[in-house]
Each structure stands twice: as structure tokens, then as C-alpha cells.
Amino acid sequence: MDLTQITSSVLASGPEIIIILGACVALMLSLVPRPGQGALLAGLSLVMIALAAAMSLTLAQNPQTAYGGMFVNDGFSTFFKMLLYLGTALTILISDRYLGTEDAAKGEYYVLLLFALSGAMIMVSGKDLLIIYVGLELQALSIYVLVGFLTTNTRSNEAALKYVILGAFSSGLLLFGLSLLYGLTGTTQLEAMGEALDSVETSSPLLALATVFLIVGLLFKVGAVPFHMWVPDIYEGAPSPVTGFMSTVGKVAAVAVILRLLIQDLAMLDPIWRGSVEAVAVLTLAAGSFAALVQTNIKRMLAYSSIAHGGFLLLGLLAGGSEGLASVMLYLLIFTVTNLGLFAVIVLLNRGAGQGENIQDFSGLAKSQPGVALMALVFLLSLAGIPPTGGFFAKFYVLVALVDAGFVLLAVFAVLLSAIAAWFYLRVIMLMYMEQNDQPAVFQVSPAIGWALIVTFTGTVLTGVLPAWFLGVSKAAATAGLG
Amino acid sequence: MPIDFLPVFLMVAVVIALSAFILTLSRLIRPHNPYPEKNRPYECGVDHVGEASAGMFKVQYFVIAILFVVFDVETMFLFPWAVVLKDMGLFGYVEMFVFIVLLLVGFAYAWIKGALEWVS
């Protein structure tokens, strides 16, 4: 590489460099404890994310590959990076209060969030299996530590240990699949690999083995049935803002990798995985919806709900093409704002991690905090997929793409199962509006959480009111990715 | 051909014979005087608690081990870099500085956090 190539590569990875520099600066600042440090580091992180977002938007003007084709800036990666920025910024906004009440306010928290963000960004921009894997590990390692951030809480520690073991296991599976693909094609670069795979028979047993390991590793990361067992335990044990972060940013990055691999660059593997992913998608929807019905812990319930939403994302993947791709991207956008909004409410209701987050905490909320209850109502309706909220259109466009692609039976299954899923969201709404509570939740909405609530609420309502515009944006990004 | 390995076999034989000779000789002439202090795994340093095989390590050893990995990786990266530095020119030079600065951030963090202090 000569110097001009290097400069352009460094420029192309500018957003990642900004985030990593920000993390390093925050790490150094965290060493000098001073009053109001949490707010300072949170502000610094938000500024860095804003800078990176501005740079990403500028770079999106002219799509390019960098680092010898290992890294790409296209409409597809920019859309996903914007989602990652949004998710991380919202997480930072709801974190300060939670860390304060849990007495876990340490500067490292923001540093780890930024490192996890940079890992996720590398995942969505990676055009080479090794780069994607490095990004994935950077993101996963940071999240392992974040999950165990409440060092005196045994649930948090248990969740972190479980996550490390299962994460290492699933990374091993994924890496094995990648190494087989490398052995078959002699390259790790996705485009070259796609060309090399065109000449390989799809019935080749080695290719089937490689695909199986690749798919299993990736499905593990999104928590699809039957690789979902880790999700409820870890979502329950992790600090609430981190759970929100994992269920949005972590999921967005993993789904981006799945889309890039399976729909775009390695599309020729389609006949190998289609049948099994169909089964997995239906199972995921069913298991997530039914298991959520009997949960008494709100975070556990949302974990199963997030599994069920993962099933919908897989349906979009099955629909394929730019329609399916766009519907998944829109779904992720709506899911990110809605889910983080609900987690903001959970943080407000937090009575201490040692107590657990009982669903009953929501009861009587409409009386004591009508504003927050109204927002929670909208978030829950959106997760359930009831118009006029964004969640309805998220599901609607996935179903449209599915029917257009000819999978009517799958679409019918999805509608039936989401009707079941609606019940447990409605149960929380019932608690808020119908039940009395002797000890109503007493809290003050801090400005940071207030902003997070306003942004997520506006997002949820806007995507419900102007779904066509948002679909247009994600369609443009999807076409750019397929181009 | 097996004959090519004859020097190796000779070497092995000499090594075994020599070590047997040294061990026997020292056994014959050394004083035999064991006492508890002497029979411990380490005669100096930190007093041990229980058996190491039970997995009971002082947690500070882990911190030291992790810090070691950091510098081990750095050295592994520095050697090949030094060999091809002339071909890489200015870019390679700057690139290594970037790498070392990133490492230094982590090292400074560990140092200020007190990872290098030994609390007994």
C-alpha cells in the first residue's frame, strides 16, 4: 500500500478511530476521580458518538472500500452504524441514573460501551471474515465485562460468567465455520469468496458443514431457538441499561453480519440453509412468545420477547432480496427505539438490582406517573405490533416482503404467534392502568432519562405515522448494500 | 538412514550417563538435613496457603500474567517489524508508534489503578 491508499483507508475508518480515541481519552480521564465525573464521561462519549455519526454521514456521500477491500463504507453499513450510534447514545443517557442508584458509577462503564460500539461498527463495515470476527470479539469482550459490572451482585456475576462461557463456545463454532470456508475458497475476503464459491457444488458435504457451523455461530449471537438458552439468564442478570444495549446494539450488529453474509456476498449458500432457517424462525417465534407468557420478571419477559422479535428478523432474512433486507433494517430501527424506551422506564422503576425487576412494579403506574405510563403504553403497544405505533409497520413490512416472496404459510404462522405475543405486553398495560399499588413507584425523571424518553417516544410515534418515509430510507440503504 | 542419527543417539546416551553420574555423586557426598522451611515449594517470597493444585492462586498473579501477555504480544509484533522496517519506511515507523501508544494507554491505566503494587 502506498501512502495515498493508507490515508484514504484511515479516512474511511475515521468513525471507528474517533470512537476508539474517545474511549482511550475517557479511560485516562476515569483515572482521576473528581465530582461529577460520570456526567463528564457521559458527555464526552455522546460528543464522540455525534462526531463519528457526522463523519459517517459525510463518508456515505461516496461509498468506497478501504484497507485492500477488507473494510467498506456503503449505504448499508452507514444505515447500521446510525442505528448503533442511536442505540449507544440512548444507553448512555439511561445509564447515569442506574449506575448512581446501584452505586456502581465507574468511568470504565462508558469506556467499555464505546469499545463495544467500535467493535459493532467494525462488524457492520467488515468485508472480510477476519475483520468481522475481530469486531465481533471486541464487542463481545466489552459486553462480557459490562454484564458483570455490578461486582457485588451475584446475579450479575453469574450472568457474566455464563455469557463468557457460551460466548466463547459460539465464537468457536463460528470460527470453525469460517476456517472451513477459508479452506474451501483460499480467501477470507467476502467478494473473492463469493466468486470462488460459485464454482463449488452446493451439494459438497464440506460446504454444507461449513455453512452449518457458520449459521449456528451466527444464530447463537442473535439468540434464535434452539440456541437461545443463554438469553433470559443473561438479560436478567445484567445491569438494566446493559440489557437494553445488548438487545439492541448487539442484535443490530449480529443481524447486519448475517445479512451481509447470507443475502449479499455469500448468497449462493441459500439452498443449503433455507430449510433449516425456516424451521428455526418458526420455532424462535413460537418459543419466544409462549415462554414470555409465564415470566414474572420484566427483564426476563423482554428477553423472551426479544427472542420472538429475532424470529421476525429471520423471516425478513428468508424473504430475501432488497424488500426483505429493507424490512429487516426498518424492523431493527423501530425495535431499537422502542426497546430502549421501555428500558428507560425499567431504569426509572428500578428498586435496586438485588430486588429484581418484578412485573408488579408496573402496577398503578398510571396513577402515580401518568406521563411515564403513557410512554410505556406506547412502547408496549409498539412491541406488540399494534397500530398506530412503529412496531405495527415493522411487522407489516416483514410480512409483506414474506408474502411477496411466496412464503404465505410462514406469514400466517407469524401473525398467529404475534397475536399470542401481544398478550404479555397487554398484561403489563393492564397492570399499569387497572391495578392499584400500595407502594407506588416514587421517582424523579432526571433530564438525561427525560431526553432518552422523548427521543424514543418520538421515534416510536414517528415511525408509526410516517412509515413510508422510513421504509424509503432503509430501502435505499438496502439497495446500496445489494448493489 | 539410521546411521545419520548416530551422533544424536550418542548425545542422548552421554546426557543420561552424565546426569546419572552427577545425581549419584551428590547423593553420596551431600549432607542430609531436611527441615520444614527447606521442603516448601518456595523458600522465600509469599507464604503459600494450601496446595497450588487446588486452584488457590493469589489473584495478583493473574494481573501480572495479563500484563505479561500485553508486553509479550508487543515484543512479538516488534521483532518482525524491526526486520522489515527499512522496506516499510515512514509509514511503518508511525504505525508502530500508534500501536505502542494504544498499549501505553492500557499500561498507564493498569499502573495507576495499582496493578503493579504488591499487596501482601
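A few remarks follow.
- Residues of the range A:1-33 satisfying the condition of being among the polar types (S, T, N, Q) and under 28 Å from the mean Cα position of the chain (by Cα): A:SER9, A:SER13, A:SER30
- In the range B:109-120, the qualifying residues are those that are assigned to a loop (DSSP other than H, G, I, E, B) and not acidic (Asp, Glu), and the one that is nearest to the other protein chains (Cβ to nearest Cβ) is B:LYS113.
- Residues that are surrounded by 18 or more Cβ atoms within 10 Å (Cβ to Cβ) and not aliphatic (A, V, I, L, M) within the range A:138-154 comprise A:GLN139, A:SER142, A:TYR144, A:GLY148, A:PHE149, A:ASN153, listed in sequence order.
- Residues of the range A:161-199 that turn out to be in a loop (DSSP other than H, G, I, E, B) and surrounded by 15 or more Cβ atoms within 10 Å (Cβ to Cβ), as a count: 2
- Looking only at the range A:11-48, residues that are in a helix (DSSP H, G or I), exposed (fewer than 14 other Cβ atoms within 10 Å of the Cβ) and either at the interface with chain B (Cβ under 10 Å from one of its Cβ atoms) or in contact with a helix residue (DSSP H, G or I) (Cβ under 6 Å, 6 or more places away or on another chain) (or both) come to 0 in all.
- Flag for A:SER156 being within 30 Å of A:SER247 (Cα to Cα), modelled with pLDDT of 90 or more, in a helix (DSSP H, G or I) and in contact with a Lys or Arg (Cβ under 7 Å, 6 or more places away or on another chain): no
- A:ASP103 within 14 Å of chain B (Cβ to nearest Cβ), surrounded by fewer than 21 Cβ atoms within 10 Å (Cβ to Cβ) and among the acidic types (Asp, Glu): no
- Options B:GLY89, B:GLY106; residue that is at pLDDT 85 or above, assigned to a helix (DSSP H, G or I) and within 14 Å of another protein chain (Cβ to nearest Cβ): B:GLY106
- Selection status of A:LEU262, farther than 27 Å from A:LEU90 by Cα, buried (at least 21 other Cβ atoms within 10 Å of the Cβ) and modelled with pLDDT under 95: yes
- Residue selected from the range A:56-83 under the condition β-branched (Val, Ile, Thr) and closer than 27 Å to A:ALA452 by Cβ, by the criterion surrounded by the most Cβ atoms within 10 Å (Cβ to Cβ): A:THR78
- Any hit, the range A:213-228, residues being surrounded by fewer than 24 Cβ atoms within 10 Å (Cβ to Cβ) and without any contact (Cβ under 8 Å) to a residue 12 or more places away in the chain: no
- The lone exception for A:LEU86 - which of (1) away from every other protein chain (no Cβ under 14 Å); (2) buried (at least 18 other Cβ atoms within 10 Å of the Cβ); (3) over 24 Å from the mean Cα position of the chain (by Cα) it fails: (3)
- Sole residue being surrounded by 11 or more Cβ atoms within 10 Å (Cβ to Cβ), among the charged types (D, E, K, R) and either within 14 Å of chain A (Cβ to nearest Cβ) or not in a helix (DSSP H, G or I) (or both), chosen from B:GLU95, B:GLU74: B:GLU95
- Residue count, the range A:62-107 (criterion: farther than 21 Å from A:LEU41 by Cα and of a type in the set (D, E, K, R)): 2
- Test result for A:VAL337, out of contact with any Cys (no Cβ under 7 Å at 6 or more places or on another chain), part of a helix (DSSP H, G or I) and crowded, with 24+ Cβ neighbours inside 10 Å: yes
- The criterion of being of a type in the set (Gly, Ala, Ser), in contact with a helix residue (DSSP H, G or I) (Cβ under 9 Å, 6 or more places away or on another chain) and in a helix (DSSP H, G or I) does not hold for A:ALA353.
- Some residue of the range B:47-62 being away from chain A (no Cβ under 14 Å), surrounded by 13 or more Cβ atoms within 10 Å (Cβ to Cβ) and modelled with pLDDT of 80 or more: yes
The values are calculated or read from the model by the stated rules, or taken from the named source; none is laboratory data. Keep in mind the model is a prediction, meaning the values are calculated, not measured. Positions of Cβ are backbone-derived with ideal geometry, glycine not excepted, and every protein chain shown enters the neighbour counts.
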